[in-house]
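Here is the structure we will look at, set down as structure tokens.
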Amino acid sequence: MSDCLFCRIAAGEIPSTPYYSDENVYAFADIDPKAPFHAVVIPRAHIPSAAAVDPTNSEAVARVFEAIAKIAAEQGLDKGFRVVTNVGEDGGQTVPHLHFHLLGRRLLAWPPG
Ligand code: AMP
Ligand code: ZN
């Protein structure tokens, strides 16, 4: 999708700081980090949100979580980390391309706001 911010970031049309890249997944530094380590991990395929995951595209989600495990290990997040996906207006989603926030290097409160 040429008008999608994260499709354009994954295509390299908009600059980002990469943490991980393969044929299915791209991960980059969040421009407004909410923790000392904050990556945005996305499937290269355009899926609008977690509400649009179905049997035709769920393989991409598995690939994303494989990448998350690799990034967490590479970044030494041995004490733990959090993976968050916001969905829709009430969920606080601002970019309509499925993405997972990978947050770490601080104690993360629960429940979230
Ligand atoms: P959400 O609010 O859950 O949809 O998450 C979107 C995230 O994308 C936010 O944490 C933003 O800070 C981040 N973001 C927006 N634009 C950029 C960008 N150009 N590069 C990196 N991160 C971005
Ligand atoms: Zn997209």
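Couple of notes before you dig in:
- Principal-axis tilt of helix 58-74 within the chain, Cα atoms, nearest 10 degrees: 30
- The spacing between region 1-42 and region 68-113, judged by their C-alpha centroids, is 14 Å.
- Separation of the residue 23 and residue 2 label points, Cα + 7 Å toward Cβ, nm: 2.6
- Mean Cα-pair separation over length for the chain, i.e. relative contact order, pairs under 8 Å, 6 or more apart, %: 29
- Most mobile listed residue (70, 79, 34) in the chain, GNM with C-alpha springs under 10 Å: 79
- Compactness index (Cα Rg / 2.2 N^0.38 Å), the chain: 1.02
- Net charge contributed by nearby residues that have their C-beta within less than 15 Å of residue 48 (K/R +1, D/E -1): -2
Read-outs: derived from the displayed coordinates by stated rules, not from any lab. None of these values were measured; they are calculated from a predicted model. Don't worry about glycine lacking a Cβ; one is built from the backbone with ideal geometry, like all the others, and counts go over all protein chains shown.
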